[in-house]
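Okay, so here's the structure we're looking at.
Computed from the coordinates by the stated procedures, all read-outs in this text should not be read as laboratory data. These figures come from a predicted structure and were not determined experimentally. A quick note on method: Cβ atoms are made from the backbone with ideal geometry, for glycine too, and the neighbour counts reach across all protein chains shown.
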Amino acid sequence: MGFIEQFFKDKKEIKREDIEFFVSQKVEEHMNLDYKHIKAYKDADDLAKHISSFANSDGGLIVLGVSQNEIKDENGKTTKIYPKKATWGEVSLDKESLEQKLMTRIKPLINGLIIKPIRNEKDEVIFLIDIPKSGLAPHMSFDNKYHSRTNFGTRAMEHYEVANLFRINWTMKEKLVEKIYEPLCSVLEKHSERLANYSCPYNNEVEESLSKTYYKIQMPFELLEKIDYYIDRIKDLDKKEYYARRAMDNIVKKIVLQYLEKEYHPSKDKQKLDFRVISKESQVELNQHLIWKLLLTNQKIQTYFNRVYYQLLFEKIRITYSNETYHVNLSEFDERIWKKCLKEASENTEINAMKKSMEDLSQRAWNLIEEITRY
């Protein structure tokens, strides 16, 4: 959960009145919360320093567009900071320009940084800047220094603190590679191969790779979002696969029965069709999964069997239906029956939807592997 969700109670859409109510609650600034006048939008150097300090610490939320009310002690030292009032920015201020300014001032970039503009009825704006605790820390700001967050400010980090952050994060990266990235890449590679062959993989394999919660929370937010999206697409593919395979079964049954009724007039008792491809030496079952594979890859049966079983010469196909057996020359079956099956399958909406999803997901799996290897 991000800091915006924490402070604004999981609101799907944050409006002007939500900002004003939040300000009215007088929540004190602390390690994970900072208020800044909208004027800070134009001081990108200082803003980058504060954002990097959050990323180098435990993360937090900057409300850019709320002025501060400082409470000082008798010596003039600030002891507490509260929000004073909303300072809405002019219409021309936008998220994209702010992002561009920050990108050039923070090294390396902070994965999972979210800038959310909130606009009022006049189209004036306040920005909520959600900064995660970074797995790529330490982050250096424009002044070539590393900063960390204090109760209501920032400070330059000591050399030993910077070195310690590098050591901690390097160790964590090694653990992430060992515990999550390598197993996950192995699963995704297997998924891509299955999808390329039009076979639906199991989404729980990916979820199992992410089951080590301690390491998962160290992963970049953007990467986790992409993996979650991939898992959702795989789950959705289950439904498409069901309808596509049902369509393929119906196509084959319809066209084979049309042929049998024309040539042999079998009884119609709705029994299951059974196919076996026969050579002089042997016979091989043409099962449901192989039928699906041949339809999806647009292959003739005789061509496939002669390639896979190159030592055997397949000449006939045996069709069993209604307790009767029919032998059809394999080349005739390909020409008079299977050719029609391939054509109908290639034009079927449900089958094409499944194929398109599988092709897209196969490429997405490889893209995820490439992205994971960059971390």
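Structure notes:
- For the range 35-55, the tally of residues that are of a type outside the set (Lys, Arg) and either closer than 13 Å to Asp143 by Cα or touching a helix residue (DSSP H, G or I) at 6+ places or on another chain (Cβ under 6 Å) (or both) stands at 9.
- For the range 352-362, the count of residues that are over 30 Å from Phe221 (Cβ atoms), touching a residue at least 12 places away in the same chain (Cβ under 8 Å) and not in a helix (DSSP H, G or I) is zero.
- Members of the range 318-375 that are surrounded by 18 or more Cβ atoms within 10 Å (Cβ to Cβ) and polar (S, T, N, Q): Asn348, Ser357, Ser362
- Criterion violated by Asn120 - all others in (1) closer than 24 Å to Gly2 by Cα; (2) within 27 Å of the chain's Cα centre (by Cα) satisfied: (2)
- Test: Lys122 is surrounded by 14 or more Cβ atoms within 10 Å (Cβ to Cβ) and either touching a helix residue (DSSP H, G or I) at 6+ places or on another chain (Cβ under 6 Å) or touching a residue at least 24 places away in the same chain (Cβ under 8 Å) (or both): no
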